[in-house]
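The values are calculated or read from the model by the stated rules, or taken from the named source; none is laboratory data. Given the structure is predicted, the values throughout are model-derived calculations rather than measurements. Heads up, the Cβs are rebuilt from the backbone with ideal geometry, glycines too, and the neighbour counts pull from every protein chain shown. With ligands, DNA and RNA removed, areas are computed over all heavy atoms of the protein, side chains included. Shrake-Rupley method; radii C 1.70, N 1.55, O 1.52, S 1.80 Å.
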Amino acid sequence: MRSNKLLPVASIIFSCVLWGLSISLTKKTTGVLFFPHIAFYRFIIASIALIPFAINRKFVWPDKKDLPKFIVVAFLTVPCTFLLQFAGLSLTSGTSASLMIGMTPVMFAITSFFFLKEKLSLLTLIGILISIMGIYIVIGGSVSNNNWAGDGLIILSLFTLSVSVVFSQQLMAKYSPLVLTAYTFWFGTVLLIPASLYLYGLPPTALLSTTWISLLIQGIVCTCFASLLWNFGLKKISIAKTGIYANIEPITGIFFSAILLHEVINFQVIAGAFLVILAAIIIEYPQWRNGS
C-alpha cells in the first residue's frame, strides 16, 4: 500500500526534476541554434516518441466538435508558450528563467480570476505580492546576467500556458490526460513548424553529436517522458496537490544552471527563490489541504 502511494508522488517529483533540467539544456543549446529551431527539433522528437504510447493505448480520434478546442489548446501550449519561453531563455540566464517559471501558480491564479471569474482570496493576494517581491529582487539586481526582456518573455509564456489550461479543462473532463497531451503535442508541432520556418528558415542539420544528444534528451526525456510521468501521477494525485510538488522545478532549475551553465547562486538568487516558492505554497496550500 505504501509503495502504491509513493510511486505517483515519485513520478510527479521526477517529472519536475526533468523539467528543471530542460531549462539548462535549452539555455545551453541557444548558443548553437536559434530558439525556434530548438523548439522545432524538440517537439518533432517528442511527437515521434509519443507514437508508440498512442498505439499501445489505442487512442481515439477527437470528436469533430472538440477539434477546434484541441487546436486552440495546442496553439497556446506549443508555439505560443515555448517560442516565447525559448526566446526568453536565449536572452536571460537559466537561473533567472527558473525563478520566472516558479511564478506559474501565481499566473494560474490571475488567469482564473480574469477568465473563470474565480475570487482571489486574501491568501492568494498575499502570495501574489510576495511573488512580485521575489521577482523584483531577481530583476532589480544583476543576478547571473539576467535580462529583463528575457524574463518578461518567460512570464508572458506563463500567461499563454495558463490560458491554455483554462481551455483544456473542458477537454480533461472527456479525455484522459495522456490523450490530451499527445494530441496537444501533435497538433502543436504541426502549428509550430511553419512559425519556426518563417522566423529563421530551415534549421541546420550539420550539428555536433553533443547538440543532437542534448536535443534528444530534451525531446524524449524532458518533454515526452516527463509528461507521461506527470500524467501517471495525476491518476492518483489531485491537480491541487501536485502544485506543491511542482515547486521543485524552479529549485532544480537553479541547481542545474549552477552545474551545467556555471551560473553563480548568490544571496539574491536564494532570497528571490525563497519568496517565489513561498508565494506558490501560500497560494496552493488551501486547495492542497482540502484536496479539492
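Scanning the range 65-97 for residues that are more than 14 Å from residue 171 (Cβ to Cβ) and either charged (D, E, K, R) or part of a loop (DSSP other than H, G, I, E, B) (or both) turns up 92, 93. Test residue 232 against the stated conditions and say whether it is open to solvent by 50 Å² or more (accessible area, probe 1.4 Å), part of a helix (DSSP H, G or I), touching a helix residue (DSSP H, G or I) at 6+ places or on another chain (Cβ under 6 Å) and not aliphatic (A, V, I, L, M). For residue 232, the condition - open to solvent by 50 Å² or more (accessible area, probe 1.4 Å), part of a helix (DSSP H, G or I), touching a helix residue (DSSP H, G or I) at 6+ places or on another chain (Cβ under 6 Å) and not aliphatic (A, V, I, L, M) - is met. Is it fair to say residue 46 is within 14 Å of residue 217 (Cα to Cα), assigned to a helix (DSSP H, G or I) and open to solvent by less than 40 Å² (accessible area, probe 1.4 Å)? It is true that residue 46 is within 14 Å of residue 217 (Cα to Cα), assigned to a helix (DSSP H, G or I) and open to solvent by less than 40 Å² (accessible area, probe 1.4 Å). Scanning the range 66-108 for residues that are open to solvent by less than 20 Å² (accessible area, probe 1.4 Å), within 20 Å of residue 24 (Cα to Cα) and aromatic (Phe, Trp, Tyr) yields a total of 1.
Per the listing 234, 275, 228, 207, the residue uniquely at pLDDT 80 or above and under 22 Å from residue 14 (Cβ atoms) is 228. So the check is Cβ under 7 Å with 6+ separation or different chains; which pairs have a first residue in the range 250-272 that's under 11 Å from residue 134 (Cβ atoms) and a second one that's open to solvent by 40 Å² or more (accessible area, probe 1.4 Å) and β-branched (Val, Ile, Thr)? Final answer for the pair search is 268/137; 271/137; 272/137.
Being in a loop (DSSP other than H, G, I, E, B) and open to solvent by 30 Å² or more (accessible area, probe 1.4 Å) narrows it down to one of 202, 191, so name that one. When all the criteria are applied, what remains is 202.
Selection of the range 161-188 for residues being over 12 Å from residue 73 (Cβ atoms) and not in a helix (DSSP H, G or I) yields 173, 174, 176.
Is it fair to say residue 161 is over 17 Å from residue 278 (Cβ atoms) and in contact with a helix residue (DSSP H, G or I) (Cβ under 9 Å, 6 or more places away or on another chain)? For residue 161, the condition - over 17 Å from residue 278 (Cβ atoms) and in contact with a helix residue (DSSP H, G or I) (Cβ under 9 Å, 6 or more places away or on another chain) - is met. Which of the residues that make up the range 28-43 are open to solvent by less than 70 Å² (accessible area, probe 1.4 Å) and among the aliphatic types (A, V, I, L, M)? Answer for the range 28-43, where residues must be open to solvent by less than 70 Å² (accessible area, probe 1.4 Å) and among the aliphatic types (A, V, I, L, M): 33, 38, 39.
Scanning the range 54-65 for residues that are out of contact with any strand residue (DSSP E or B) (no Cβ under 7 Å at 6 or more places or on another chain), without any contact (Cβ under 8 Å) to a residue 12 or more places away in the chain, open to solvent by 40 Å² or more (accessible area, probe 1.4 Å) and of a type in the set (A, V, I, L, M) turns up at least one hit.
Among the residues of the range 20-27, are any in a helix (DSSP H, G or I), touching a helix residue (DSSP H, G or I) at 6+ places or on another chain (Cβ under 9 Å), open to solvent by 20 Å² or more (accessible area, probe 1.4 Å) and over 18 Å from residue 148 (Cα atoms)? Yes, the range 20-27 contains a residue that is in a helix (DSSP H, G or I), touching a helix residue (DSSP H, G or I) at 6+ places or on another chain (Cβ under 9 Å), open to solvent by 20 Å² or more (accessible area, probe 1.4 Å) and over 18 Å from residue 148 (Cα atoms). Taking residue 112, is it out of contact with any Leu (no Cβ under 6 Å at 6 or more places or on another chain) and under 21 Å from residue 147 (Cα atoms)? No: the conditions fail for residue 112.
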